[in-house]
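Let me begin by presenting the structure, written as structure tokens, before commenting on it.
What follows draws every value from the coordinates through simple rules; no lab data is involved. Not measured: the values here are computed from a predicted model. Note that each Cβ is placed from the backbone with ideal geometry, even for glycine, and that neighbours are counted across all protein chains shown.
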Amino acid sequence: EAPAPVFGRILLKLSGESLMGSLDYGTDPERVKAVSAAIKAVVDRGVQVAIVVGGGNIYRGMKGAAAGMDRATADYMGMLATVLNALPLQDGLERLGQNTRVMSALTIHEVAEPYIRRRAMRHLEKGRVVIFAAGTGNPFFTTDTAAALRSVEIHAEAILMAKNGVEGVYDDDPRENPEAMLLRHVTHMEALQRGLKVMDSTALSLCMDNKVPIHVFNMDDERNIDRIVSGERVGTLVTS
Ligand code: UDP
């Protein structure tokens, strides 16, 4: 029998890439299904789950800016891209019978509820999965920052930071350096000072200031979510 969950409420950060599978762009229905099943499994164990979805599989503001576009405009496009990921994820979860709400930081009220903190918390208490779309609603930020911000706001006990193709945080880029070593535990400060790839520095600072633990793990094996919720040490743990 599975041990009791070690968390009551978590925030899962899913990059756009984690829904892309082996495609070059967009969302892969098979990945969405697998990720949805893994999320539902932990909700069924009594864990409240909020999700921040990224948009990098569709659009990144930096890319538009590099091509000469106004950065803010490009970032708004990026935020809209996250909405395009939130909806298939909602669909995937609801097909499994899991109630969900998409809450958007940009108002698109025909499509998603506006983000209202107390309402988000109420949804979670009722066992609904809340998917936060449109990041923070501000250009020059990322969905990592949104994950940090929302986790603090809703009193999530930890951020589960999903990565693809890597097991956690390394002392060097494992895609370039085969000698790179997986780090099992680092502090927020150490990660910031060494420039380790946990999340961007703005997001990481916010987690440090508010002592939010971050579990960085490989989402290619989506059972990792359940393992972390069971208290198993998977990937890298970042604490203060
Ligand atoms: N973005 C933004 N403000 C936010 C969150 C996201 O401007 O609060 C934009 C930004 O352009 C970013 C894009 O949305 O590149 C997609 O988000 P992100 O790159 O964080 O997605 P991920 O890498 O997690 O897939």
Could you state the number of Å between the C-alpha centres of the stretch 41-56 and the stretch 67-143?
13
With both bridge residues required to lie in the chain, what share of the DSSP beta bridges run antiparallel, to the nearest 5%?
15
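Expected output is a single nm value to one decimal: the length gained when fully extending between Ser205 and Val111, i.e. 0.36 nm times separation in residues minus the C-alpha distance. What is it? Don't jump to the answer; show the numbers that get you there.
Working: separation 94, 0.36 × 94 = 33.84 nm, distance 3.21 nm.
Extra length from Ser205 to Val111 when fully extended: 30.6 nm.
Share of Cα-Cα pairs in the stretch 11-94 beyond 15 Å, in percent? Before the final figure, lay out the partial values.
Values: 2035 of 3486 pairs.
Cα-Cα pairs in the stretch 11-94 separated by more than 15 Å: 58 percent.
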Please give the calculated 222 nm ellipticity per residue for the chain, where each DSSP H segment of at least 4 residues contributes -39500 (n - 2.57) and the sum is spread over every residue; nearest 500 deg cm²/dmol?
-11500 deg cm²/dmol
Rounded to 0.05, the calculated FRET efficiency for the beta carbons of Lys33 and Arg227 at R₀ = 22 Å is 0.65
Inverting the mean 1/r over all pairs of different Cα atoms, compute the Kirkwood radius of the chain and quote it in Å.
17.8
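What is the magnitude of the charge dipole of the stretch 1-158 about its Cα centre, with +1 placed on the Cβ of each Lys and Arg, -1 on the Cβ of each Asp and Glu, and no other charges, expressed in debye to the nearest 20? Provide the component values of the computation, followed by the final result.
Working: 18 positive and 16 negative charges, 83 e Å.
Using Cβ point charges on Lys, Arg, Asp and Glu, the stretch 1-158 gives about 400 debye.
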Expected sort for 6-16, 197-207, 112-122, 90-100 on mean C-beta neighbours within 10 Å, highest first, is 6-16, 197-207, 90-100, 112-122
Once you keep just the Cα pairs under 8 angstrom separated by 6 or more residues, what percentage relative contact order results for the chain?
22
Calculate, in nm to one decimal, what Asp171 and Thr187 gain on full extension: separation in residues at 0.36 nm each, minus their alpha carbon distance.
4.4 nm
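Normalised by the number of residues in the stretch 80-198, what is the relative contact order in percent for Cα pairs under 8 Å and 6+ residues apart? Please report the intermediate quantities before stating the final value.
Values: 130 pairs, mean separation 20.1, N = 119.
With pairs under 8 Å counted, the relative contact order is 17 percent.
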Kindly count the pairs of lysines across the chain whose alpha carbons are less than 16 Å apart, treating pairs on different chains or eight or more residues apart as eligible.
5
